[in-house]
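The values are calculated or read from the model by the stated rules, or taken from the named source; none is laboratory data. Because the structure is a prediction, the values reported are computed rather than measured. Cβ coordinates were reconstructed from backbone atoms using ideal geometry, including for glycine residues, and neighbour counts include every protein chain displayed. Keep in mind that these areas ignore ligands, DNA and RNA; they rest on the heavy atoms of the full protein, side chains included. Shrake-Rupley method; radii C 1.70, N 1.55, O 1.52, S 1.80 Å.
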Amino acid sequence: MTPTRNPTDWKSDEMRKRIARRYAAERRFKFAGLFAVALSAAFLAFLLFTMMGNGLRGFTRTEIALQIDFPASPLLLDPANITDAALANANLPMVTGQVAKEALGADADALLSSTAWISIRDAIKADPAILGRTVTIRVPASTTIDLAAKHEGAPEAEAAVERLRKAGLLTTGFNWSFLTASDGTDPTQVGIWGAFKGSLLTMLVTLALSFPVGVATALYLEEYAPKAWWTDIIEVSINNLAAVPSIIFGLLGLSIFLNFLHLPRSAALIGGMTLALMTMPVIVIAGRNAIKSVPPSIRDAALGIGASPVQVVFHHVLPLALPGILTGTIIGMARALGETAPLLMIGMRAFIATPPGGISDPATVLPVQIFLWSDEVSRGFVEKTSAAIIVLLAFLLAMNGLAIYLRNKFETRW
C-alpha cells in the first residue's frame, strides 16, 4: 500500500532543501543569461569603439596653406578661357611643386600630397580670376604629415608638423572630399561616394528583382499550387538554395550573365541580378511563413461576403502577411549588402575612379571597397578602411530602419 503524505510533510527539512536547490538553480540560470547578454554587449561595444576610434580620423584631413602668386608663377593661363584641356596642358603638378619648394623649402615634396595640384586645379576652375592675384590655397598634406598631425607619425614628421603649426600653415578639419570623391591611389584623396552609389544602385536592382518575384512565388506556392510531387521538389529546392554559400551564386552570375548573355562587366545591374538570386529564397521562405500565419477565418469571411479568390489574396491575405514578408526582406537585403564574394566573381573589384552614372556603368560596392583598401600597403588606408566600415554600418541601419518603419506601419494587432 502506498503511504499517504500528511500536509506537514511539505514542511519537512527535505522538502525545504529541494525548494532551495530549485531556487538556486533558477538564480544560476538567470545569472548565466545576464552574463551572456553582458558579454555580447561588451563585444559589440568593443567593436564599435574600435571602429569609431580608427574610423573617425578617416573623416578628417590635414591641409597646408600654400600662398601662390599666380602672376609671378610659371603658370600662364587665360582666365577668360579656362577649360579642362587648358588645365591639363599647363602641367599643374610641376608648377605646384615649384611653388611649394619656394614656400616650404627643399622638403616640400615630403610635406605635400602627390595630388595637391588637384586642389589648385579645382580652385582655378571655381574662380578663374585668381590667376591675376596672389591667393592662399589649402592643399592636402602627405600621408606622413597627416598621420603625424594625428599623433601617429615618426619623430621627424612630428617635428615638421610642429614647425608648420607654429608658422600657421597647418590645419586639420573635416574631409568633405571623403564623402564626395571615389577611389584613388593616394589615401589623402580617396572617397567613398563611388562605392556608396554603386551599393545603392546594386541594392535597388536587387530589391526590384527579388521582392516581387519572391512574393509572387510565395503566394503561388501557398494559395494556388496543387499538392503534388513537383511542388514538393520546388519547396525542398528553395529551402536548400537559402543555405547555399554566396560564392556559388557568384559563379552562377559569372557563367550566365557574363559568359553566356555577355552583359556589361562590373556593372551594378549584374551585381544586383546576382544578389537577387541569393536573396530570393530567403524572401520566399519568409513570405510563405507569413502567409501561413494569416488566420483561415479571414479567408472564409472574405469569401462569405462575395470576394473572389484573387480579391481574397490581394485585398486580405497579402496586406496582413506584409509585415512578415518585410521582415524576411530585411534579412535578405542586409545579407546582400554585406556580401563580397559573389561580387568579386563578376568583376566588381575593379579600380573605379568615377562614380557610376547608371546601373550599366562600371561600379564597385562598399564591402568590396573596404576589402581593397584593407589590402593596401600605405598606413593612411587603415583609417580610411574603418571610416568606410562606419559608412557601411550607417547605410545598413538606414535601410533596416526604413524597412522596420514600413513593417510597423502595415502590422495588424490581433
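Overview of values
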quantity	calculated
Inter-centroid distance (Cα atoms) of region 188-222 relative to region 339-362, Å	14 Å
Spacing of the two label points (7 Å from each Cα toward its C-beta) at V213 and A159, in nm	6.4 nm
Accessible area of region 323-379 belonging to carbon and sulfur atoms, whole % at 1.4 Å probe	61 percent
Distance (nanometres) between label positions extended 7 Å along Cα→Cβ at M94 and W176	3.3 nm
Whole-number accessible area per residue in Å² for the chain, which is evaluated in the context of all protein chains at 1.4 Å	55 Å²
Cα lying deepest toward the dipole's positive end in region 187-338, options P281, W230, G194, charges on Cβ	G194
Spatial separation of Cα centroids for region 76-91 and region 288-308, in angstrom	71 Å
For peptides 274-282, 184-192, sequence by mean Cβ density within 10 Å, most packed first	274-282, 184-192
Accessible-area composition of region 150-252, carbon plus sulfur, in percent [1.4 Å probe]	69 percent
Virtual paramagnetic centre 7 Å along Cα→Cβ of L261, amide N under 17 Å, in region 192-225	202-214
Difference of contour (0.36 nm per residue) and Cα-Cα distance, D13 to E223	69.5 nm
Calculated [θ] (222 nm, deg cm²/dmol) that DSSP helices of n ≥ 4 give over the chain, each run adding -39,500 (n - 2.57)	-20000 deg cm²/dmol
Kyte-Doolittle at least -1.0, axis length at least 15 Å by Cα - qualifying DSSP helices, the chain	13-58, 92-104, 116-126, 155-166, 193-219, 229-241, 268-292, 318-337, 380-410
Sequence ranges 165-175, 109-119, ranked by mean other-Cβ count within 10 angstrom, highest first	109-119, 165-175
Stretch gain in nm, segment A80-K125, where the contour uses 0.36 nm per residue and the Cα spacing is subtracted	15.1 nm
